[in-house]
Amino acid sequence: MRNRREERAVRFDQQSVDGTEGDRGTHMFVILSGRARTTVDGEHVADLLPGDLFGDIAVIHQIQRLATVAAAEPLRTCRLPLEALTEVIVDQTSHSRPID
């Protein structure tokens, strides 16, 4: 299994941003604690809570980020780079079997 140093907890102070709408997506996040605010074209579209993901669409589809996510309060996340996501998918499919 590969080195997991990049898959780590990342903290964001209130109002800090990781990934702005239009940026290239190289990693996704899972919110562990706190709340984040999602905007598109400067308009609030959603609040994200523990258990929610962000950045996943850009990473999976290798497209620009569709929204800006900023910490609405101190935020703790787990960062997952594309390589880690790919590894999980490959590992899961290698253990699966066809449905009869």
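Quick notes on this structure:
- Test: residue in region 73-84 that is under 12 Å from the mean Cα position of the chain (by Cα), farther than 20 Å from ARG8 by Cβ, at pLDDT 90 or above and part of a strand (DSSP E or B): no
- Candidate set from region 59-72 (those that are within 11 Å of the chain's Cα centre (by Cα) and more than 11 Å from THR20 (Cα to Cα)); member that is surrounded by the most Cβ atoms within 10 Å (Cβ to Cβ): VAL59
- Qualifying residues in region 38-47 (those that are part of a strand (DSSP E or B) and out of contact with any Ser or Thr (no Cβ under 6 Å at 6 or more places or on another chain)) - the one surrounded by the most Cβ atoms within 10 Å (Cβ to Cβ): THR38
- Residue count for region 33-64 under the criterion of being under 20 Å from ARG11 (Cβ atoms) and polar (S, T, N, Q): the result is 2.
- Every pair of residues 6+ apart whose Cβ atoms lie under 8 Å, when the first sits in region 55-70 and is among the hydroxyl-bearing types (Ser, Thr, Tyr) while the second is buried (at least 20 other Cβ atoms within 10 Å of the Cβ) and assigned to a helix (DSSP H, G or I): none
- Restricted to region 22-50, and to residues there that are acidic (Asp, Glu) and within 15 Å of the chain's Cα centre (by Cα), the residue that is modelled with the highest pLDDT is ASP47.
- Residue count, region 1-21 (criterion: among the polar types (S, T, N, Q) and modelled with pLDDT of 75 or more): 1
The values are calculated or read from the model by the stated rules, or taken from the named source; none is laboratory data. In this text, all values refer to a predicted model and were calculated from it rather than measured experimentally. Ideal geometry is used to build each Cβ from the backbone, glycine not excepted, and the neighbour counts take in all protein chains shown.
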